[in-house]
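Read the figures in this text as sums done on the coordinates, not as results from a lab. As the structure is a prediction and not an experimental result, all values here were calculated from the model. FYI the Cβ positions are ideal-geometry reconstructions off the backbone, even for glycines, and counts take in every protein chain you see.
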Amino acid sequence: METLISLLIVVLLLVLPLKFAAKFIGAKNTGFFACLFALIVSALFQYGVDYYFPRLDDTYDWLITVPVAALAYMLVLGTSFLKAVLIAIVQVILMVLLTALVAGLLAGI
């Protein structure tokens, strides 16, 4: 049961920031499952980039990660590329804040 709850928390921590960012920026598809599918497509795209460019340095990794995630968000969420880049940036900010909040609540701070 704890495993299922932990998995649910992880999925919510991943999907909700993307859902909020997509709705805030103005994407067409902002449903829960559309955002979950966008995250899966983004992860597959990023896996493909890591597979074809294995020697990519961690310093420049974010230069590839943001446009690749934005491409996936553009295709799945139905928005322009620039809006998708903004969605990717806002999603990362919201994910960090939400993760810190949940960690603080679980730690009892």
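So the values come out like this:
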item	result
Expected 222 nm ellipticity per residue - DSSP helices of 4 or more, -39500 (n - 2.57), all of the chain, to 500	-28500 deg cm²/dmol
FRET efficiency, Phe32 to Leu56 (Cβ-Cβ, R0 41 Å, nearest 0.05)	0.80
Cα-based Kirkwood hydrodynamic radius, region 39-78, one decimal, Å	10.3
Cα convex hull of the chain - mean projected area over all directions, nm²	8.0
Exposure proxy ranking, count of Cβ atoms within 10 Å, fewest first, for Thr59, Thr65	Thr59, Thr65
Residues Lys28, Lys83, sorted so that the one with the fewest Cβ neighbours within 10 Å comes first	Lys28, Lys83
